[in-house]
1. So between residue 75 and residue 32, what do we pick up on full extension, going 0.36 nm a residue minus the alpha carbon distance?
2. What is the gain in length, in nm to one decimal, between residue 54 and residue 95 on full extension, counting 0.36 nm per residue of separation less the C-alpha to C-alpha distance?
3. Which order do the peptides 86-99, 51-64, 18-31 take when ranked by the mean count of other beta-carbon atoms within 10 Å per residue, highest first?
4. Among 34-42, 7-15, how do they line up from the highest to the lowest mean number of other beta-carbon atoms within 10 Å?
5. At residue 39 and residue 102, where each label point lies 7 Å from the Cα along Cα→Cβ, what is the point-to-point distance in nanometres?
6. Separation between the residue 47 and residue 123 pseudo-spin-labels, each 7 Å from Cα along Cα→Cβ, expressed in nm?
7. Can you give the FRET efficiency for residue 85 and residue 20, using 1/(1 + (r/R0)^6), R0 = 25 Å, r = Cβ-Cβ distance, to the nearest 0.05?
8. Rounded to two decimals, what is Rg over Rh for the stretch 2-104 when you use alpha-carbon atoms and the Kirkwood radius?
């Protein structure tokens, strides 16, 4: 467990939004962690520029890595923004404390979209679409 200093604007604008989104195919514990994170965010002092948030390794591995990599992804529309810079700083701090996450994110939408993007980049749009259609007919 560690306490991390996070700008209030990032907590309010970005992290609060992330914990209130509906996610599919997550474990019961992952949903419980979203509630825990939300309760932490509601307790911040909105008058301060920064707040200290306690983050557990489980929260980092299950959600923070996923949340923060969204801003850093090369295809993200956040590239070059203050959100990207803040996400990079926070992720770097968390990796320093907890190490590189080994949590399997293969079931998450971002992982599936990355796979589809890689297919298009590698094969070209038409071939990737043909492969996807062929896979759908075999199911």
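Derivation of every value follows stated rules applied to the coordinates shown; laboratory data play no part. Not measured: the values here are computed from a predicted model. Don't worry about glycine lacking a Cβ; one is built from the backbone with ideal geometry, like all the others, and counts go over all protein chains shown.
1. Details: separation 43, 0.36 × 43 = 15.48 nm, distance 2.98 nm.
Gain on stretching residue 75 to residue 32: 12.5 nm.
2. Numbers: separation 41, 0.36 × 41 = 14.76 nm, distance 1.47 nm.
Contour length minus the Cα-Cα distance gives 13.3 nm.
3. On the way: 86-99: 16.3, 51-64: 18.9, 18-31: 11.3.
By packing density, highest mean first, the sequence is 51-64, 86-99, 18-31.
4. Numbers: 34-42: 15.2, 7-15: 16.9.
Highest to lowest by the protection proxy: 7-15, 34-42.
5. 2.9
6. 5.9
7. Values: r = 23 Å, r/R0 = 0.93.
It comes out at approximately 0.60.
8. 0.93
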